[in-house]
Amino acid sequence: MYLLSKSRYRATVLLSFGILFTGLIDFLYTHYRVYQPLADSSVSDRRMLDSLFTLLPAEEKFEQEDYPNESFQEVSNKKIAELHLHSFDPNKVAEKEWVSMGLPLEAFRSLDRYRSKGGKIRAPEQMMKVRKLDSSIARQLVSLVKIDSSLMPAKRQMSFVSRAPKLPEPRFDINLADSNQLKKVFGIGSKTAARIIRYRDNLGGFLRMDQLYEVFGLDSLVVEDLMEKSFLSSKPEIRALNPNTATEEELSLHPYIRRNLARLIVRYRNQHPPYSKPEDLLGIRLIRPEQVEKIRPYLRF
């Protein structure tokens with residue numbers, strides 16, 4: 001059997017006693033704190049509210065000095081009951097009239113600053129935006145505001161005008177069209193119209209609508225639009241040239257002949273019998289058969 005020495009025995013007893021004493025102290029302390037009666041919460045809450053109230057601006061204290069021990073809602077209701085409201089024009093109301101209605105002076109000064117800068121109250125609902133004016137009071141003022149009708153925003157009125165459907169422009173004869181008719185086509189201005197007419201007159205008149213593509217500087221999209229808005233007679237009237245009597249200048253103006261061929265036609269007829277048919281032009285060595293076929297409709301003998 002293991003026996004403790006006196007020193008160890010004494011230390012063990014002291015340690016056990018210390019543990020028991022510590023536990024007893026902890027039990028008594030905890031029991032005291034738990035069952036200690038709480039302080040009066042209403043007093044502490046009131047002190048906290050009083051301290052917060054001192055931080056509010058003067059205009060937000062609801063005149064508590066005049067209404068002691070009353071809630072915010074009670075103060076608001078009492079202030080509304082003290083109003084003496086009547087119809088007024090916010091753009092003309094004076095300070096004396098405003099205050100006589102029981103409205104706050106700070107709100108009038110805010111409104112007056114707005115007016116002094118050229119601002120106008122144009123709708124009753126704008127009273128809801130006046131600073132320093134309680135929203136519940138502002139709502140009452142909306143129904144009392146009287147504004148000059150000239151300042152009221154004009155109401156848009158829908159106008160129903162019966163319009164007849166726009167009829168399409170009548171088509172025109174391309175060989176008889178003037179510059180005004182041609183300019184109705186999108187993309188054709190005064191210069192382009194003049195160029196079309198000059199080409200048509202030098203040619204002697206259009207025989208086919210696709211000849212419009214031969215006009216210098218005329219866009220293909222413009223030509224297509226021009227074809228839709230114009231027409232060609234089934235028997236177009238053509239101004240033909242007589243190669244036996246036309247001068248070199250007259251022949252050279254034709255788009256299918258031009259200067260060099262006009263000179264050859266005149267020289268050849270001066271050295272040979274008169275032309276009697278288009279094929280006689282093939283006697284000129286430099287002329288090609290396809291050129292003769294192209295000129296054929298514009299020749300007469």
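The values are calculated or read from the model by the stated rules, or taken from the named source; none is laboratory data. As the structure is a computational prediction, the values presented were derived from the model and not from experiment. Don't worry about glycine lacking a Cβ; one is built from the backbone with ideal geometry, like all the others, and counts go over all protein chains shown.
Key figures for this structure:
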item	result
Residues being touching a helix residue (DSSP H, G or I) at 6+ places or on another chain (Cβ under 7 Å) and surrounded by fewer than 11 Cβ atoms within 10 Å (Cβ to Cβ) - total across segment 255-294	2
Filter result for the condition that a residue is farther than 19 Å from H86 by Cβ, touching an Asp or Glu at 6+ places or on another chain (Cβ under 7 Å) and outside any helix (DSSP H, G or I), over K132, K120	K132
Test: residue in segment 114-130 that is hydroxyl-bearing (S, T, Y) and either touching a Leu at 6+ places or on another chain (Cβ under 6 Å) or modelled with pLDDT under 85 (or both)	no
Subset tally (residues that are in contact with a helix residue (DSSP H, G or I) (Cβ under 8 Å, 6 or more places away or on another chain) and closer than 15 Å to F108 by Cβ) for segment 118-143	10
Total residues in segment 182-200, condition free of Cβ contacts under 8 Å to residues at least 12 places away in the same chain and either among the hydroxyl-bearing types (S, T, Y) or in a helix (DSSP H, G or I) (or both)	3
Candidates L182, L207, filtered to the one that is within 16 Å of E228 (Cα to Cα) and in contact with a helix residue (DSSP H, G or I) (Cβ under 9 Å, 6 or more places away or on another chain)	L182
Unmet criterion (only one of (1) surrounded by 11 or more Cβ atoms within 10 Å (Cβ to Cβ); (2) at pLDDT 95 or above) for E249	(1)
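Conditions (1) without any contact (Cβ under 8 Å) to a residue 12 or more places away in the chain; (2) surrounded by 15 or more Cβ atoms within 10 Å (Cβ to Cβ), marked per residue:
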{"position": "S87", "(1), (2)": "no, no"}
{"position": "P90", "(1), (2)": "no, yes"}
{"position": "K96", "(1), (2)": "yes, no"}
{"position": "G102", "(1), (2)": "no, no"}
{"position": "F108", "(1), (2)": "no, yes"}
{"position": "R113", "(1), (2)": "yes, no"}
{"position": "K117", "(1), (2)": "yes, no"}
{"position": "V130", "(1), (2)": "no, yes"}
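Residue-wise test of (1) assigned to a helix (DSSP H, G or I); (2) modelled with pLDDT of 95 or more; (3) assigned by TED's automatic domain parsing to the domain that holds L176; (4) of a type outside the set (F, W, Y).
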{"position": "P255", "(1), (2), (3), (4)": "no, yes, no, yes"}
{"position": "A262", "(1), (2), (3), (4)": "yes, yes, no, yes"}
{"position": "I265", "(1), (2), (3), (4)": "yes, yes, no, yes"}
{"position": "Y268", "(1), (2), (3), (4)": "yes, yes, no, no"}
{"position": "S276", "(1), (2), (3), (4)": "no, yes, no, yes"}
{"position": "I287", "(1), (2), (3), (4)": "no, no, no, yes"}
{"position": "E293", "(1), (2), (3), (4)": "yes, yes, no, yes"}
